[in-house]
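Heads up, the thing below is written out as structure tokens.
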Amino acid sequence: MTTLPGLNLSSIPPETLATPLTLQTRTQDLPAGTEYRFEVAFSRTFFIRLLSGTAEFFGTELAPSSKDSYTFSGTKGAIYTWHGCKLELVGEAESEYLAEETMMMSYANAHFALENLREKAAQVGETGPRVLVVGPENAGKTSLVKILTSYAVKAGRQPVVVNLDPRQGILSVPGSLTAAAFSSIVDVEEGWGSSPISGPSPIPVKMPLVYHYGLGSPEDGKIFKPLVTRMALAVTSRLEEDKLSKQAGFIIDSSGAVSHGKAGLYENIEHIISEFSVNALFVLGSERLFSDMSRKYSNRPPDEKVSVVRLDKSGGCVDRDENYMKQLRQAQIRSYFFGNGENALNPATHSVDYDELNIFRLIEASQVNTSFRPGDDDDDVYGSSNELFEKVTPSPMMQNSLLAITTAGVNERQEVIRDSSVLGYIYVADVDDTKKKLRLLSPQTGRIPPNAIILGSFPEDAPGLVS
Amino acid sequence: MSLPSAEVAADFKDALQDLKINSRPEISNLTIIAKENTEHAQAISRELENHIRTTRPEWKLPALYVLDSIVKNVGTPYTVYLGRNLYRTFMDAYSLMDPGTRKAMEGLLKTWKQPVPESMDPRPVFSADVTRDIENALIKYRTVAIQQQALSQKQGMQYNMPARPMPNTPWRNTPTPPLNATRYTPSNDPRVRQFQPFSQAPPSYGGQYPPPATPPTSFQPPASYQQPSSSIDLDKLKSDLDKIITATQAAWALTPSDVPIQQKLKALLDLQTILKTQALPPEQLRQIQIQVQQLSPPPLPIPSYAPPVPVPPPAIQSPQQQATPAFPPANTPLDLAQLFANARPPVPPASTPTVSAPSLAEMLRRTTSPMQPTATSAPIPPFFSAPYSAAPPPAPALTPTPTNNLAQLLAQFSQPAAAPPVSRPPPPQNTPLPQLLPQASAAPPTVGSAEWLLNALKAQNVLPAAGTPSAPQGTPLSSEPMTRQGSATTGVQNDAELTTASMKKPRFNLISRLYEAFPNQCVTCGRRFESTPQGKERKARHMDWHFKVKDPDLAKRGIHRSWYISEKEWIEYREVDEAPPEQASNGATGAAAAPKKETRDNYVLVPTDAALVHAPCPICQEKFEPQWLVEANDFVWMDAVKVNGKIYHATCWEEYSRGAGIAAPSTPDSVLGKRKAEVSPIGSGKKVRAY
């Protein structure tokens, strides 16, 4: 395995027709309690600068009259102001408008209610609120999680954010499930911030724990629940020792898919609630889900009490079509390898032989005809009786796909591979079937760890990442 | 990474050759070259040194400015390379310069003793031992110059010494005007006063003792305050004092490491300031004069500095004189007691309690550590107490009374001088005469200073406890609260509950907890901090972090994404806030994981030698991976040790050496130790903490 020196991958990702059409500067006044909502295409760049007053982007306050504008690209966002503000806008947004009716007061109330619980928890030394946010797709779950996180950080807390939505990554690529404690501000431009890089980062980095799920929906496979169990274990262990995070508790973002339910049964939600001992459940948008949830959790003993709270969906939530989501995922993958904006990274290209990699392909539920018993989450169900992975040799089919390098050894049992966290991702740039060689894009120059590598069907191929 | 060092150095040299005037763009251009080629820092540094040594004298100063710009803007590794030969570089140039350029060079040197402006890094640009050598050499040099001048001129006052650069006063290019007794009448003209104290008082002598407590700005009292109370020989006294000071300086220059002389000099300067900024009652002046006559120094080592004139204020500081070898020891001991006895002010009871002067302590603190309002926990400014604690045996022999008076006298002197002009109303009775002790304790505004001083002295066991006039009531300094005052909560009741109904209720009053509770906002990223001292400190660290990570050369450095940490590491990991409260909460695990870390936290800087860069670890044959280490502020190989010129993985080496029974070198190879930030435990094994 060698590093190819000549293949000098440009650290600047090729720009997709970023032709600035109109770059006229304009200002926008926001009265107190209003929200400026905007959508920016991936091919455009939009600059926002706070001229006066206070403003926040999903809870994170914008820097006051800083020299540099915030840059947005491929963003559907909103800037809210509690006190009124004046913004300077440069560039072209796909849509933009000023909204006077927002849900921010409710969301802030949610934060203050959590703060009360945190203060109590700090006094008696218990774990702070354990929050799960559920709701259908595009109800603003991730935005709510972000607002709650930002406010908690602002109040000096250090909440752990758990992402159980594989459709979009938090601090990692799509298809992954992550957990990270937030002690510094949530980045405005990059979504959540950045995982550590080998140099100083002007964006406060977060240290995520990453698992690879490899499928698009929690309902798809049989490894979602075991992974949730595993993550709950890790997060709980962390909280046991990390006093700051223990007081702040954690906030779980979920996939819209878990909220669909089957005939009134929400087995994944229940699984998450029981594994993480969730005691605050925010239901966004869906009346029916709220009703189902409050019915289920209203009669619990006090020590297992789950407060089910309904929050209205913000009028700013827009449906993100599959095309947008795909672009968003591509952008996240690109940003994993190449960084973002000024913070450019230099991934390395490796050429490896087929037999140097130990790739385990995830067997999807649809492919294996096993009867799946809902509600039974004993490990035996996923045990050796059913194959989780099949070992595959590289093939041209793998081109443009993303591989997850786990921390598990090659000869470990499949459950161990399933439950192990991820070291990082590599991208199959090219497959040469005649020479039995792969060209890989790796974040690092060193040799690729000889661990078990998982290939899932999600995220989808990312063609043109290295072109 | 790109060009070999020789080429870069040659380019740099070419650019240097063109630098013939103090041209800002050219200097910053050269700085940028240096900054972008830190991997060739050694070659560049050598080139710069050579250039400074070989170029024509009039072109040396711009080159020195380049050096200055590089060490301040780039820092390591240049400070290391350039620091090595700084003495030669500097002194060789200095000896060839004309006086004007020398002044500029001394100005440079002065800034090197201080931290880089606007950096939170408290360490000086160059380490103290580098600058001290130069400083000592300069002092010797000046002394010679003075002596020569003194010989050629009959009056010793006209010394044309090299400049003593003072950052906060514009350099006055004229030689110090001789204090003219006939011309000078103590008047209310502030201009007169402005140059008086400082044209004569070179306070910035030596790098070892703290900066002078008397920057000129804080000692220019409002004119209305000045009292031309007496004309008895005040000017003469002053000029005499100047002479004594000059003589002491010369004495000190001969033995720069002599601490007592340093202290004495400082005391003299302080008293000179007091004398010049205050009007003293005639009685006191006369007394001082008498004492000074008794104290009058015999001919000093430097011939022309032997004025037979008495010196007033040094009397107060006379304890130090005993320890002053260069100072004529003959008559000091007997003066001491007398001096103290006489120091008791036979002053009419002045009715000036309205003068609300800030205390001496406050003044001292203001001048020594201007950004430190919370230093109250240390009630005694160290340099101030030093002279007293260093006071030799006579002190215990004193009776309480004279010592009280000494303290009081000092305090009184300093009170009016310390008064900030703005806060002072034109005093109706413009006779700020020293007050008697009882009065001092009776007058609340002034008590603080006198008492503070007394307490300070007592704490040093100089003052017997019986001599203290009163209980320390109302000292504004010690009572200043250090505790965190009021947490973030603003006292608004938070009644939000986790119910759907409660979510709908508007609670605008709570929003202040997100904003007003943290009024101290970072302008770069919008993060908010409390207005408490802790909050300020956190913000300062935070700003420092912004500064650290703002490196425009990042892209060239080959930054890449790190691997994620493993489950176990994550569980043990503690977030590192860029503005940590005190010690980041890593304490518990840090201790537990300490043994493991010792080996793995060894690192070496990524070598510049091409052969070494590509050499794998000789034991495991795996290559090293450069990582950015915040502490070293450079790229390093973690988990590495250098043994006999080869670089091994520290863990490999440990295993190997354990087998072979060789002791592993345990130190991180750190030529950069000087610039190392405060040592903090590295997060988790070899993972580099980056933000």
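Summary of computed values
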{"read-out": "Cβ-derived FRET efficiency at R0 25 Å, B:Asp11 paired with B:Glu58, nearest 0.05", "value": "0.55"}
{"read-out": "Net +/- balance of residues flanking A:Gly128 in space, Cβ distance below 10 Å, scoring K and R +1, D and E -1", "value": "+2"}
{"read-out": "Förster-model FRET efficiency, 45 Å R0, A:Glu219 and B:Val643, C-beta, rounded to 0.05", "value": "0.20"}
{"read-out": "Length-normalised contact order of the range B:508-562 in % [C-alpha pairs under 8 Å, at least 6 apart]", "value": "20 percent"}
{"read-out": "Residue-averaged beta-carbon neighbours from other chains (10 angstrom radius) around A:241-247", "value": "4"}
{"read-out": "Along chain A, longest interval not containing exposed GluC sites (Glu not before Pro), exposed being DSSP loop plus at most 14 other Cβ atoms within 10 Å", "value": "A:127-341"}
{"read-out": "Other protein chain Cβ atoms within 10 Å, averaged over every residue that makes up B:619-625", "value": "2"}
{"read-out": "Förster-model FRET efficiency, 45 Å R0, A:Ser291 and A:Glu92, C-beta, rounded to 0.05", "value": "0.55"}
{"read-out": "Theoretical gain in end-to-end length, A:Lys435 to A:Lys305 [0.36 nm per residue, Cα-Cα removed]", "value": "40.7 nm"}
{"read-out": "A:Ser65 accessible area, 1.4 Å probe, all protein chains in place, Å² to nearest 10", "value": "70 Å²"}
{"read-out": "Most to least accessible of B:Asp11, A:Asp68 (protein chains only, probe 1.4 Å)", "value": "A:Asp68, B:Asp11"}
{"read-out": "Rel. contact order, % - alpha carbon contacts under 8 angstrom, at least six apart, the range B:5-126", "value": "24 percent"}
{"read-out": "Over chain A: helical MRE at 222 nm, DSSP H runs n ≥ 4 each giving -39500 (n - 2.57), nearest 500", "value": "-7000 deg cm²/dmol"}
{"read-out": "Amide H within-cut-off set for A:Gly135, under 5 Å, with H built and near neighbours excluded", "value": "A:Ser259, A:Leu284"}
{"read-out": "Alpha-carbon radius of gyration plus Dmax, which is the widest Cα pair, for the range B:1-70 in Å", "value": "11.0, 36"}
{"read-out": "Nonlocal amide H pairs with A:Leu423, under 5 Å, H built at 1.01 Å", "value": "A:Ile405, A:Thr406, A:Thr407"}
{"read-out": "Restraint check, B:Lys13/B:Lys60; A:Lys305/B:Lys504; B:Lys60/B:Lys113; B:Lys35/B:Lys548; A:Lys222/A:Lys262, Cα-Cα greater than 18 Å", "value": "A:Lys305/B:Lys504; B:Lys60/B:Lys113"}
{"read-out": "Inter-label distance, nm, simple model (7 Å from Cα along the C-beta direction), B:Gln534/A:Arg26", "value": "4.7 nm"}
{"read-out": "Most to least packed among B:238-247, B:35-44, B:126-135 [average Cβ atoms within 10 Å]", "value": "B:238-247, B:35-44, B:126-135"}
{"read-out": "Distance-filtered residues of the range A:66-97 - backbone nitrogen under 13 Å, label point 7 angstrom along A:Ser52 Cα→Cβ", "value": "A:84-88"}
{"read-out": "Within-10-Å neighbourhood charge of A:Leu62 [Cβ basis; K, R +1; D, E -1]", "value": "-1"}
{"read-out": "Estimated inter-spin distance, B:Lys623 and B:Lys550, nm [label 7 Å along Cα→Cβ]", "value": "3.5 nm"}
{"read-out": "Pair A:Asp312, B:Ile21: separation of 7 Å Cα→Cβ label points (nm)", "value": "7.0 nm"}
{"read-out": "Peptide B:500-508 - average C-beta neighbours from other chains (10 Å radius)", "value": "6"}
{"read-out": "Under 5 Å, built H, 5+ apart or other chain: amide partners of B:Val116", "value": "B:Val125"}
{"read-out": "Length-normalised contact order of chain A in % [C-alpha pairs under 8 Å, at least 6 apart]", "value": "16 percent"}
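The values are calculated or read from the model by the stated rules, or taken from the named source; none is laboratory data. Because the structure is predicted, anything quoted here is derived from the model rather than measured. Reconstructed Cβ throughout: ideal geometry from the backbone, glycine too, with neighbour counts over all protein chains shown. All accessible areas refer to the heavy atoms of the entire protein, side chains included, with ligands and DNA or RNA removed. Shrake-Rupley method; radii C 1.70, N 1.55, O 1.52, S 1.80 Å.
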